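Report on the following structure.
Just so it is clear, none of the values below were taken in a lab; they were calculated from the coordinates. Everything numeric here is computed off the predicted structure, so don't read it as measured data. As a convention, Cβ positions derive from the backbone with ideal geometry for all residues, glycine included, and neighbour counts pool all protein chains shown.
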Amino acid sequence: MKAGDIRGLSPEERQQRLVDLKEELFNLYFQHEIGQLENPRKIKQIRSDIARIKTIIKEA
């Protein structure tokens with residue numbers, strides 16, 4: 001997810017996207033622990049998206 005895409009969202013949509021990403025990250029960690037995660041790079045990507053959204057929320 002790019003910063004321009006995030007800025008195009010309403011504040012409510014940003015908060016909802018943040019909640020969804022946190023839930024997805026939790027599920028990925030769980031899959032990683034039980035050995036079912038196919039793409040470990042996905043965890044880093046989700047963490048970056050969360051940080052990007054939090055940064056843009058703080059800008060506003």
Quiz item: So how tilted is helix 41-59 from the main axis of the chain? Cα-based, degrees 0 to 90, rounded to 10.
Solution: 20
Quiz item: Taking only C-alpha pairs under 8 Å that are 6+ residues apart, what is the relative contact order of the chain in percent?
Solution: 50
Exercise. Starting from the Cα of Lys44, step 7 Å along the direction of its Cβ; do the same at Gln15; then give the gap between the two resulting points in nm.
Key: 3.3
Practice problem: Using Cα positions and a limit of under 24 Å, work out the lysines in reach of Lys58, with same-chain residues fewer than 8 apart set aside. | Solution: Lys2, Lys22, Lys44
